[in-house]
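Structure first, then comments.
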Amino acid sequence: MTFEDWMRLRGLSESSVEKYERAISGAMSEWAIDAGIMDGTLTSILSYSRFEAIVISLRKLPIYQERNERGHSMYSSALNKYAEYLLEGFDSDIETDIEVILLKDNITSTEKATLLKTRIGQSSFRQKLISIWGGCAVTGYEDTALLVASHIKPWRASSNTERLDGYNGLLLLPTLDKAFDAGLISFDEVGKIMISPLLQAPEQLGITDSMIVKLKKEHQLYMEFHRESVYRNT
């Protein structure tokens, strides 16, 4: 979902949508590029942690401070809206999760390495999912090189044990993984897909209301969490 569409769904007026989008992708992106803070537009950033780091430098620019004051804090409001957009989960923000792991001081180096490998999908967690599912949990597609190891209960909400539990995962095609992580799809108790009204043109992504995943009892608590805390019903 684009930043503009997200703002419309949140009830912003068309004038506000246009104003904030133009501020983010236009003026402030140009200021950041000219100052050597970044190479592309702010709207190309989908990581909240990276966005926050850039915003810190952007707010220090004299042109930002002068224009923001003249515009009655419109530019700071636009930055806050884009931060809200990122925080709503349309990006899984792996960078932030990795930073959190590296800063942990109550686990061993071996445990850190295991968690890092799990977070980036190159670990025993992925192998567990391959053993459980054999292919895409929804479509059955079998080329595992093209499949993503996706946590059901999100990484940030899980304990270290839950993060490594193979039953806290689905092996999915990339489009399904992205939609699942963003809460745009979920699955009910019998495994029938639930499609969020926020997901635009799901059929163009190959997502249909006939899709089913064969859940075992060990998946149910994780999927219940996903339905209640991640899935976007409205």
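Grab the other residues whose beta carbon is less than 15 angstrom from that of Trp31, score K and R as +1, D and E as -1, and report the net. Don't jump to the answer; show the numbers that get you there.
Details: positive: Arg22, Arg59, Lys60, Arg67, Arg70; negative: Glu30, Asp34, Asp39, Glu66, Glu69.
Here the count lands on 0.
What is the magnitude of the charge dipole of segment 123-230 about its Cα centre, with +1 placed on the Cβ of each Lys and Arg, -1 on the Cβ of each Asp and Glu, and no other charges, expressed in debye to the nearest 20?
260 debye
Fewest to most neighbouring Cβ within 10 Å: what's the order for Ser186, Ser16, Ser229?
Ser229, Ser16, Ser186
So what's the gap between the Cα centers of segment 173-210 and segment 1-33, to the nearest angstrom?
26 Å
Label segment 95-173 by shape, choosing from rounded, prolate and oblate, from the square roots a ≥ b ≥ c of the eigenvalues of the Cα gyration tensor; if a/c is under 1.5 it is rounded, and otherwise prolate applies when a/b is larger than b/c, oblate when it is not. Mind showing how you got there, number by number?
On the way: a/c = 2.31, a/b = 2.21, b/c = 1.05.
Prolate is the answer for segment 95-173, as a/c is 1.5 or above and a/b outweighs b/c.
Are any of the pairs Lys60/Lys178; Lys81/Lys153; Lys19/Lys153; Lys128/Lys192; Lys128/Lys178 more than 32 Å apart by Cα-Cα distance, and if so, which? Write down the numbers at each step before the final one.
Numbers: Lys60/Lys178 34 Å; Lys81/Lys153 26 Å; Lys19/Lys153 36 Å; Lys128/Lys192 23 Å; Lys128/Lys178 20 Å.
Violating the 32 Å limit, Cα to Cα: Lys60/Lys178; Lys19/Lys153.
Relative contact order of the chain, please, whole-number percent, based on alpha carbon pairs below 8 angstrom and at least 6 residues apart. Write down the numbers at each step before the final one.
Values: 282 pairs, mean separation 33.4, N = 234.
Answer for the chain is 14 percent.
Cut-off 18 Å, label point 7 angstrom out along Cα-to-Cβ of His72: give me the residues of segment 13-47 whose amide nitrogen falls inside.
13-21, 23
Which net charge results for the neighbourhood of Leu198, defined as the other residues with beta-carbon distances under 12 angstrom from its beta-carbon, given Lys and Arg at +1 and Asp and Glu at -1? Please report the intermediate quantities before stating the final value.
Values: positive: Arg8, Arg10, Arg232; negative: Asp5, Glu88.
Net local charge, Leu198 excluded: +1.
Taking H placed 1.01 Å from N in the peptide plane, check which residues at least 5 places from Met194 or on another chain put their amide H under 5 Å from its amide H.
When sequence neighbours closer than 5 places are left aside, the close amide H contacts are Ser186, Phe187, Asp188.
What does the helix-only formula give at 222 nm for the chain: each DSSP H stretch with n ≥ 4 adding -39500 (n - 2.57), the total divided by the residues, and the result rounded to the nearest 500 deg cm²/dmol?
Working: 12 runs with 106 residues, N = 234.
After summing the helix terms and dividing by the residues of the chain, the value is -12500 deg cm²/dmol.
Coordinate-derived values only; no laboratory data. This one's a predicted model, so the numbers in the text were calculated from it and none came from an experiment. All Cβ positions, even for glycine, are placed from backbone atoms using ideal geometry, and neighbour counts span all protein chains on display.
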